[in-house]
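Contents: one structure, followed by commentary.
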Amino acid sequence: MKKIIITGGAGFIGSHVVRRFVTQHPEYHIVNLDKLTYAGNLANLRDIEHAPNYEFVKGDIVDADFIDRLFATHQPDAVVHLAAESHVDRSITNPLEFVMANVIGTVNLLNAAKKYWKGRYDITRFYHVSTDEVYGTLGEDGMFTEETAYDPHSPYSASKASSDHFVRAYQDTYGLNAVISNCSNNYGSYHFPEKLIPLAIHNIKQSKPIPVYGKGENIRDWLWVEDHARAIEVIFHKAKSGTTYNIGGHNEWKNIDLIRLLCQIMDSKLGRAAGESEKLITFVTDRAGHDLRYAIDATKLKNELGWVPSITFEEGLEKTVDWYLQNQEWLDDVTSGHYQQYYNDQYTNR
Ligand code: NAD
Ligand code: DAU
């Protein structure tokens, strides 16, 4: 049996990746390693927590000794690395936390892989899950390809770019079997309501203001999280060592247009008059260094590995809204306590 450590498996994307590997691959034993920060929530995995091929380990990737012990104890054959601080706004207020988790944490995992996989680099695999934000920002035209030069702007994207470089450096220098994917904005169930789509759903539900940064003209390329998890599964199994794949939905939306669409869906789901939720849109101070536009060219992934998104944005957004409306308990849980404090500090002065 192959043993795979998935880091950050209690987070948004990680929980979907863990679920996919646990349910689709009974031949693997999955170890979910997560520190359970504000963004990690074991409730995201309640449906599979008793699966015979799944176990959870609480721990911090910044702790090198712990990571060394983890490898010694579990003797994994592969790592799928998602653990990270992931929110751009938080990186602007606390960049060092992002350097620690995203850069030092990744290097700690690479060091353990180098040490414990020596002599077995051909049959082991280090998969680093990264972001399109490493490429910086686009103007009105063009798309990010795997050849686009790195040009990160936020502390978050700088930390992810750095971790990508370290993964490539370990592949080039030591021959570690490593692959990287860079994905666009995800949306779907279990998304923490500090990010645009779940925050807007949560606020519309409560008839609270929907904060739209600047004029709402920034563009993001949205992908359903379950399609991302499936892309990771395909790349994990089929990609050659040393390769990189962009993952995206060919689905660009201006923030303000996306919010208007979401308001229409919410009006109809909540039985409100047409136009009611749009009244909640509130333009607030822009994000510092706000990247204008992201757009992914995922042709390489389609042509080489046969992956394409499975659903349209309208279908995915409706599924997502339904999930949030049916999971009020989950929302109450994550929006209480520590997160609530952050939320208040973050938004009261905008
Ligand atoms: P998330 O914030 O929802 O989850 C991150 C998880 O990592 C949490 O469970 C958290 O507890 C864990 N974690 C954080 N620091 C840790 C540490 N020091 N040790 C162990 N665990 C730790 O993030 P997400 O949105 O699911 O993103 C997952 C990965 O995918 C990240 O690497 C992110 O950069 C990347 N990514 C995200 C998106 C997106 O749209 N959300 C898009 C492309 C790539
Ligand atoms: O592109 C991939 C990235 O997508 C991931 O690497 C990040 O981990 C993930 O958080 C996401 O980053 P963004 O900054 O694009 O996502 P966010 O949901 O924070 O913001 C989406 C857009 O909406 C962005 O242009 C900022 C804007 N925004 C965001 C929030 C939270 C608002 O207008 N209002 C808001 O309240």
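The values are calculated or read from the model by the stated rules, or taken from the named source; none is laboratory data. Source: prediction; values computed, not measured. A quick note on method: Cβ atoms are made from the backbone with ideal geometry, for glycine too, and the neighbour counts reach across all protein chains shown. When the accessible area is computed, the model is the full protein with side chains, heavy atoms only, and any ligands, DNA or RNA have been set aside. Shrake-Rupley method; radii C 1.70, N 1.55, O 1.52, S 1.80 Å.
Think of a 1.4 Å ball rolled over the protein heavy atoms: region 229-304 then has 46 Å² of accessible area per residue.
Summing Lys and Arg as +1 and Asp and Glu as -1 over all other residues whose Cβ lies under 9 Å from the Cβ of residue 20 gives a net charge of 0.
Across q = 0.07, 0.09, 0.11, 0.14 Å⁻¹, the chain modelled as identical point scatterers on its alpha-carbon atoms has Debye log10 I(q)/I(0) values of -0.28, -0.47, -0.71, -1.19, in the order of the q list.
Restricting to bridges with both residues inside the chain, how much of the DSSP beta-bridge set is antiparallel, in percent to the nearest 5?
On the way: 4 of 42 bridges.
If I count the DSSP bridges inside the chain, around 10 percent turn out antiparallel.
Taking the longest Cα principal axis of the chain as reference, the axis of helix 12-24 is set at about 60 degrees.
When a/c reaches 1.5 or more, the comparison of a/b and b/c decides; with that in mind, is region 211-350 rounded, prolate or oblate per its Cα gyration tensor? Walk me through the intermediate numbers first.
Working: a/c = 1.75, a/b = 1.63, b/c = 1.07.
It is prolate, given that a/c is not under 1.5 and a/b is the larger ratio.
With only alpha-carbon atoms in the gyration tensor, what are the semi-axes of the equivalent ellipsoid for region 169-271, in Å, largest first?
Values: eigenvalues 249, 39, 28 Å².
So the three semi-axes of region 169-271 are 35, 14, 12 Å.
Phi angles of region 158-175 translate, via the Karplus equation with coefficients 6.51, -1.76, 1.60 and θ = phi - 60°, into HN-Hα couplings of 5, 5, 6, 4, 4, 5, 4, 4, 5, 4, 5, 5, 6, 5, 5, 7, 10, x Hz per residue; Gly and Pro are given as x.
Sum -39500 (n - 2.57) across every DSSP H segment of at least 4 residues in the chain, then divide by the residue count to get the 222 nm mean residue ellipticity, nearest 500.
Details: 13 runs with 145 residues, N = 350.
Calculated from helices alone, the mean residue ellipticity at 222 nm is -12500 deg cm²/dmol.
Region 201-248 and region 103-133 have Cα centres spaced 23 Å apart.
Given a cut-off of 32 Å, name the pairs among 205/238; 35/115; 115/240; 208/300; 35/300; 160/300 whose C-alpha atoms lie farther apart than that in the structure shown. Intermediate values should be presented prior to the final figure.
On the way: 205/238 42 Å; 35/115 23 Å; 115/240 21 Å; 208/300 42 Å; 35/300 34 Å; 160/300 21 Å.
Pairs exceeding the cut-off: 205/238; 208/300; 35/300.
For residue 243, enumerate residues with amide H under 5 Å from its amide H, sequence gap 5+ or separate chain, H modeled in the peptide plane. Answer set, sorted by chain and number: 180.
Each residue of region 35-40 was assigned a 3J(HN,Hα) from its phi angle through the Karplus expression (A = 6.51, B = -1.76, C = 1.60, θ = phi - 60°), giving 7, 6, 6, 3, 8, x Hz with x at Gly and Pro.
Semi-axes of the equivalent ellipsoid for region 98-168, computed as √(5λ) from the eigenvalues of its C-alpha gyration tensor and ordered from largest down, come to 28, 15, 7 Å.
The calculated FRET efficiency for residue 63 paired with residue 273, based on their beta-carbon distance and R0 = 56 Å, is about 0.55. GNM remark for the chain: springs join alpha carbons under 10 Å apart, and the peak mean-square fluctuation among 213, 156, 187 falls on 213.
Highest mean first, how do 143-152, 281-290 rank when packing is the count of other Cβ atoms within 10 Å averaged over residues? Numbers along the way, then the final one.
Details: 143-152: 15.6, 281-290: 13.4.
With the highest mean Cβ count within 10 Å placed first, the list reads 143-152, 281-290.
Roughly how many whole Å is it from the C-alpha centroid of region 53-76 to that of region 17-35? Cα centres, region 53-76 to region 17-35: 15 Å. Ranked by solvent-accessible area (1.4 Å probe, protein heavy atoms only, all chains present), the residues 15, 336, 162 order from largest to smallest as 336, 162, 15.
Against the main long axis of the alpha-carbon atoms of the chain, helix 225-238 sits at an angle near 20°.
Neighbours of residue 199, meaning other residues whose beta-carbon lies under 12 angstrom from its beta-carbon, give a summed charge of +1 when Lys and Arg score +1 and Asp and Glu score -1. If the segment from residue 92 to residue 287 were pulled out straight at 0.36 nm per residue, it would be longer than the present Cα-Cα gap by 69.3 nm.
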